[in-house]
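Every read-out reported here was derived from the displayed coordinates using simple, explicitly stated rules and does not represent laboratory data. Predicted, not measured: the structure shown is a model, and the values here were computed from it. We place every Cβ from the backbone using ideal geometry, glycine too, and count neighbours over all the protein chains shown.
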């Protein structure tokens, strides 16, 4: 791994071992949304408070692999205190990062073994509060260096137009960029986006209440 890949791996493991904003807000008044990834058993319960077009508080609970739990922790830190417009922008940018085709990221990357990918996914249902075990190290390593054959989550042969439009914003994601290697492990993308999909659902439900 390079120094940057080591840093990304440590960021993922740090948020897995010591998740930010973990817990549940009282609902109501908080908006509560549940997410589930049947592929590896990840579960997310997201609660958030919105006041005057701003996410004033957010918490998540649940269990799952290191990628799903660290992604939810990183997400909660990134959106807390942001306006709804800013949050929607982050959602778009993060999902764009998760949709980048492997070739567009590193055309010279050597493909890793499928066995390594499967090993990283085995035991993904391990609860996040059991500590970072072997499966969490494997998952964090996958996300950090992203060496494996495979395509994007939707199997697209290239970068969608909406994804290309969001690429310029990815450099501004800060610690969230630690998850960019997940794109090369299609089985992990749903883990990384679970919390974000729950957040998008919560915002959509709030919009419906106001309309």
Quick note on 84, 176, ordering by fewest other C-beta atoms within 10 Å, gives 84, 176
Using 7 Å Cα-to-Cβ label points, what is the residue 210/residue 54 separation (nm, one decimal)?
1.5 nm
Let's test the formula: R0 of 22 Å, r as the Cβ-Cβ distance of residue 83 and residue 34. What FRET efficiency results, to the nearest 0.05?
0.35
Residue 201 to residue 17: extension gain in nm, 0.36 nm per residue of separation minus the Cα-Cα distance?
63.6 nm
